[in-house]
Amino acid sequence: MKIFKNKKLLMFIISMQEAFIAIIPYFVLIGLLVLIDNAVNYFQIDLIASPKMVHHFTNLMQLLSSIIPVISISYFLAKRIKISEIMAILLAITTYIASIIYEYAPSNFTDFPMGFTVQSIVIPIISTYFLKALYPIFSLKLEINDGKIHAYRLFNYLIVFFVAFFSSIMFYIFIDFIMDITIAKLNPFNLDLPNIFLLVIRNLLVQIFWFFGMHGEHMVNALFGKDILFKTMMPNLTYGEFQRIFVNIGGAGVGLALLIALLLSTKDKIIKKVAYISTPFAIFNIDNILIFLAVVFNRFMFIPFVLIPILNVLLAYLALNIITINFLPLHFKNYYIVWSTPVFIDSYLKTHSIIPALIQLILLIIDVSIYYYSLKRFFKYQSITTNKSILEHNLEIETEINASSDIKAFQANLELIDANAKVTEIINTLNKNNLLIYYQPKVDIKNNQVKKFEALLRYNDNGKIKGPFFLDIIEKAGLAPVIDIWVCKQVKKDLKKFKEINPIISVNLHPDTLKSNDAITKILNILKDENIIFEIIERSFVNKNATSNIKRIKKAGYKISIDDYGVGYSSLETLIKQEIDELKLDKSLIDEIQTHKGYLICKNTINLCKELNIEVVAEGVENKSQFKIIKDLNVDLIQGYLFSAAIPLKEAIKFAKEFDLKRFIK
């Protein structure tokens, strides 16, 4: 769906997913309290606290459940769009309370709505984006030039906060006015339709609200009422009881079926643990945990989640009527079924017959099958597309790279939730302002000059320059091509400033980048007609598509260098079969060059390369003893701390202009 390829929308959806996942522990607690409350009051257990106190505490925690999502949503949205999280939270809470007072005029705290409401979802979104939009206009613009950075930052929000508050409230009142008119005119429950179809419509609306993180039952009751639930379907069976017995099997969206499908479809240990934790709650028809874990804002689950309850309504209604008319009449007892009564037990208590239980079982099998198929698709797709889009957006790479089947999807056979959190954290951190390109000289010792540099990625951590610590997790997420493309774009810009010395720049390409036809096409377009050597590691040749793209690079006129030769995957076959222009002896070999074996390996490798007309670079040269041996072995270029670490562009130009070998080797 094209709508989900919009980068800003994807970032918004991910923020909402993060917000809902973050509050799962709170709803686990509420579910547990509800179960304890029901048990304590049913059996009149009086241990640490009286049944009345337990009931009051449970109600209080449920009341707070409408404010918890306000805090979580505002926090994660503020973090995503880079504004003050504490200001966003304070603004969302105050705006939410004001909207509740406007909407319900509660006389005391207990009159506040419970659970997820329109206000608890919409208000933090409105207020946070108003805070973002109004900051450039109303910020005090106090300069941050001393140690009181946090104080200055919050003072800058002083006027913005009040303007955003009033703007959010006015905007909400306007939206509420429009919605009231729309609902009054388009209330579907005013239609002259059979009651069973009105129940279908109700389920459709309930499930849609749940999908967007709002408590479906509460929302539909508040907007349209619940008259249909009290109407009689059969003697002693209301539509509400029919809903609880045959539709909400394990909670909204047939939570028990979702739980079973989740356990069957995932191999991930973390998700299974969460599912196991959810099991006792789903048995008692509390499936909030499952909905937030697998459904909310998950487009793969939208259709099954919405349609399964509707399917249950129609199939159960047909089954009851067919059995009653053609076989034996079912007699429903005048017994009130509590919503938390487990499946099968509820139907037996209502009929004293196993036939309704058999209907429930058949419905459950059908529902599990549908959920299983959808969840398998979801876990296969996982998160590569969204993470790649965010990283491209942060680095301002306009053209999206198609994720071919060869690029690794970030699977959760590690710790899915933890790993995804790490990827999200890193991706949020990386942007064009804190990524840098430094250049390490490749010294030509024969001609006493520097005409070649290797472009190396660096990270600016509040003024402290660090190496690219994030590359491992970025690689596992299948996002290396995005980083490589950004590096190529920066090198292209820097080459204009390098013109006075006209160097040859080495650029590293990850194996995943070489596998991607889209990425290589883009890189060749970016660096067209530039003096570039592409450094690759030997394992790139294992993949046929990567090998094909290496040939494309050679055909386009660029040279290929084998990086890190002598460590990990190293083979003489590569030197024989591939068209290589340069070979870089890894630092691990140079570190052993003063030993007998190390010397022989380096000497024979260099001699072989000379015979094959391959230029040799010695990496990681750090002292004069290593330099003397390498020089005697007739190496072409030397790269290492003996001469220079990777340095900024201006320093690199100065280094090349002023280079004299005698300054380093006396």
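The values are calculated or read from the model by the stated rules, or taken from the named source; none is laboratory data. What you see is a predicted model; the values in this text were computed from it and never measured. So basically every Cβ, Gly included, is an ideal-geometry build from the backbone, and we count neighbours across all protein chains shown. Note: accessible area is taken over every heavy atom of the protein model, side chains too, but ligands, DNA and RNA are not part of it. Shrake-Rupley method; radii C 1.70, N 1.55, O 1.52, S 1.80 Å.
Among the trypsin sites (Lys or Arg not before Pro) in segment 442-483, those located in a DSSP loop and surrounded by at most 14 other Cβ atoms within 10 Å of their own Cβ are Lys446. Given H placed on each backbone N at 1.01 Å, which residues far from Asp287 in sequence or on other chains put an amide H within less than 5 Å of it? Counting only residues 5 or more places away or on other chains, the set is Ala252.
For Gly640, the amide hydrogen comes within under 5 Å of the amide hydrogens of Gly620, Val621, counting only partners 5 or more places away or on other chains and with H modelled in the peptide plane.
Residue pairs exceeding 20 angstrom between C-alpha atoms, taken from Lys82/Lys466; Lys452/Lys544; Lys452/Lys631; Lys554/Lys587; Lys79/Lys466; Lys584/Lys662: Lys82/Lys466; Lys452/Lys544; Lys554/Lys587; Lys79/Lys466; Lys584/Lys662.
What FRET efficiency do you get for Asn613 and Phe664 if R0 is 22 Å and r is their Cβ-Cβ distance, rounded to the nearest 0.05? Display every interim value, and only then the final one.
Working: r = 29 Å, r/R0 = 1.30.
Approximately 0.15, to the nearest 0.05.
Between Leu142 and Lys654, what is the FRET efficiency for a Förster distance of 45 Å, r being their Cβ-Cβ separation, to the nearest 0.05? Computed FRET efficiency for Leu142 and Lys654 comes out at 0.75. Two tests apply to each whole DSSP H helix in the chain, Cα reach of 18 Å or more along its axis and mean Kyte-Doolittle hydropathy of at least 0.0, and the ones passing both are 7-22, 24-43, 51-64, 68-81, 85-104, 118-138, 158-186, 195-211, 269-283, 299-326, 355-381, 416-429. The H on the amide N of Ile504, modeled in the peptide plane, is under 5 Å from the matching H of Lys452, Phe453, each at least 5 residues off or on a different chain. Within the accessible area of the chain, the carbon and sulfur atoms contribute 62%, probe 1.4 Å, all protein chains present.
When the GluC sites (Glu not before Pro) in segment 532-608 are filtered for DSSP coil states and for at most 12 other beta-carbon atoms within 10 Å of their beta-carbon, the remaining sites are Glu579.
Calculated accessible area for the chain comes out at 48 Å² per residue, all protein chains present (probe 1.4 Å; ligands, DNA, RNA ignored). Restricting segment 447-538 to chymotrypsin sites (Phe, Trp or Tyr not before Pro) that sit in a DSSP loop and have at most 11 other Cβ atoms within 10 Å of their own Cβ leaves Phe469.
Before rounding to the nearest 500, sum -39500 (n - 2.57) across all DSSP H runs of length at least 4 in the chain and divide by the residue total; then give [θ] at 222 nm in deg cm²/dmol.
-18500 deg cm²/dmol
Rg and Dmax of the chain, based on Cα coordinates, read 32.5, 106 Å. Label positions at Asn187 and Ile323, each projected 7 Å from the Cα along the C-beta direction, are separated by 3.5 nm. Rounded to the nearest 20 debye, the dipole magnitude of the chain is 1580 debye, with +1 charges on Lys and Arg beta carbons, -1 on Asp and Glu beta carbons, and the Cα centre as origin.
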